[in-house]
1. Take every DSSP beta bridge with both residues inside the chain and express the antiparallel ones as a percent of the total, to the nearest 5.
2. Using the C-alpha atoms of the chain, what convex hull volume per residue, in cubic angstrom, is computed?
3. Under the Karplus relation 6.51 cos²θ - 1.76 cosθ + 1.60, θ = phi - 60°, what is the ordered set of whole-Hz ³J(HN,Hα) values for region 349-365, x standing for Gly and Pro?
4. Rounded, prolate or oblate: pick one for region 191-305, where a ≥ b ≥ c are the square roots of the eigenvalues of its C-alpha gyration tensor, a/c under 1.5 means rounded, and failing that, prolate if a/b is larger than b/c, else oblate.
5. Compute the signed sum of charges (Lys and Arg +1, Asp and Glu -1) over the other residues within less than 14 Å, Cβ to Cβ, of residue 133.
6. Output ³J(HN,Hα) for region 98-112: one whole-Hz value per residue in order, computed from phi by the Karplus curve 6.51 cos²θ - 1.76 cosθ + 1.60 with θ = phi - 60°, and x for Gly and Pro.
7. Mind listing the phi-derived Karplus ³J(HN,Hα) values for region 267-276, rounded to whole Hz, using 6.51, -1.76 and 1.60 with θ = phi - 60°, and x for any glycine or proline?
8. Exposed loop sites here are GluC sites (Glu not before Pro) in DSSP loop states with at most 13 other C-beta atoms within 10 Å. What is the longest stretch of the chain lacking them?
Amino acid sequence: MKRCSVGILIVLLICALMTGALAETYAEYEVIADGVFLTKTPEMNGLESIILSVKQGEKVLGIAEEGNAILIVMENGLCGYLEKEHLKHTGKSKEMEVSAEEFAVSNRQDMGIFLIDVDEKADLFTDTGRYPKTVTLGESTHDVQKLLTLLLGDKYVHKERSEWSQSDEYVAQVGVNPWETRSVHVYDDGSIWFYDPAVSGERGGEYEPPNMNMLPDDSVLIAKGLLAAYFPNGETDFVGKARLVSERWSYADRWMTDAEYREFMYGCKLHYFNFEHRTEQGIAILGDSILASVGINGLNGFDLSWHEYTESAEEIVPMPLKDAIRMADSSRAAEATLLYANLVYSNWLTENNEYNLSWYLLTDRGTYVVDCVLNRHKCDSYEY
């Protein structure tokens, strides 16, 4: 956590200048559990009342009791409520020339305390310009029947659809082993999922698929070559960076060294690539893509969502990246590290076919979309 220069020492200095100020004695406590919430109110009223998550071992000063909570001041100057059951008196106390009534619950961002730390190696897009405000998705671009034939052959079988299913399932053939049956699911929203179990499956437990023994720089060429049989119109031109960035970090909770990354990727049974559908100005339409997996035995499968789109006549300049990070940070209660940031068109906030110009922020603790039209944000993971 970044420490704010506005701390208890500053408070003491200010209070020392107050005419007639009398010293007050405040008990010191230790936080005895990890992930305890510092809140704006004595009782937590939803996630919006959380200021941040406090680590075990932190030392705080107790200012005043209120119900089952104590108003406390942390070493970095933040003031808020912690539940009594998470605190243990250290037997020590400190004097401060400020009365309990003068303490007020803090806004950590106003004090310069942010929980999203931008890593020095983060891949950040900053060269922004003017872009269409929105893109609106239309019909799916790919011929389903043609894809079914290409993927499964002429004699594919349409399986009976269950009452609760959201897709139609097609298989290459019936009456064979499950690990020999290629399948395609065509979902009601137009997206398509293809899977070939012979590539990465165990084949009845008698077979283990081989390791990739290569880096993604090499396997992406294999993936593009295999996908070209089904998508010959430039769909694989643009490889999304976000997944590759995440893989370089997430399994070690830090950036892997070149040697570690090589060992990890060489040992994978599959490599995954997200081929983005981008506008003419190079902005990806989030979720409109081909997410493909490839193994030594061939194309393991893919998820396809690819649509026609129209751009709005109105153009906007996106908010600065620093403002997007600040907005995302406003709802966090625990630390996170920003690894990647880029502009996208997203419907995470609109939840319809209208995709707004947005910032896509990848952290090691969740992914954010910050909508530059609605000035709202959303995270796909827990923020505490």
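The values are calculated or read from the model by the stated rules, or taken from the named source; none is laboratory data. Every value quoted in this text rests on a predicted model; they were computed, and no experiment measured them. Ideal geometry is used to build each Cβ from the backbone, glycine not excepted, and the neighbour counts take in all protein chains shown. Protein only, heavy atoms only, side chains kept; ligands, DNA and RNA dropped before computing areas. Shrake-Rupley method; radii C 1.70, N 1.55, O 1.52, S 1.80 Å.
1. Working: 83 of 90 bridges.
Beta bridges within the chain, antiparallel portion: roughly 90 percent.
2. Details: hull volume 76.1 nm³, N = 384.
Spread over its residues, the Cα hull of the chain gives 198 Å³ apiece.
3. Karplus-based 3J(HN,Hα) across region 349-365 equals 9, 6, 6, 8, 7, 9, 9, 8, 4, 8, 9, 10, 10, 9, 10, 6, 10 Hz.
4. On the way: a/c = 2.03, a/b = 1.16, b/c = 1.75.
It comes out oblate by the Cα gyration axes.
5. Values: positive: 130; negative: 311, 314, 315, 354, 371.
With Lys, Arg at +1 and Asp, Glu at -1, the neighbours total -4.
6. Along region 98-112, the couplings run 8, 7, 4, 5, 8, 7, 10, 4, 8, 9, 4, 5, 5, 8, x Hz.
7. Coupling constants for region 267-276: x, 6, 7, 9, 10, 10, 9, 10, 8, 8 Hz.
8. Numbers: sites that count: 43, 160, 163, 202, 206, 280, 314, 351.
It works out to 44-159.
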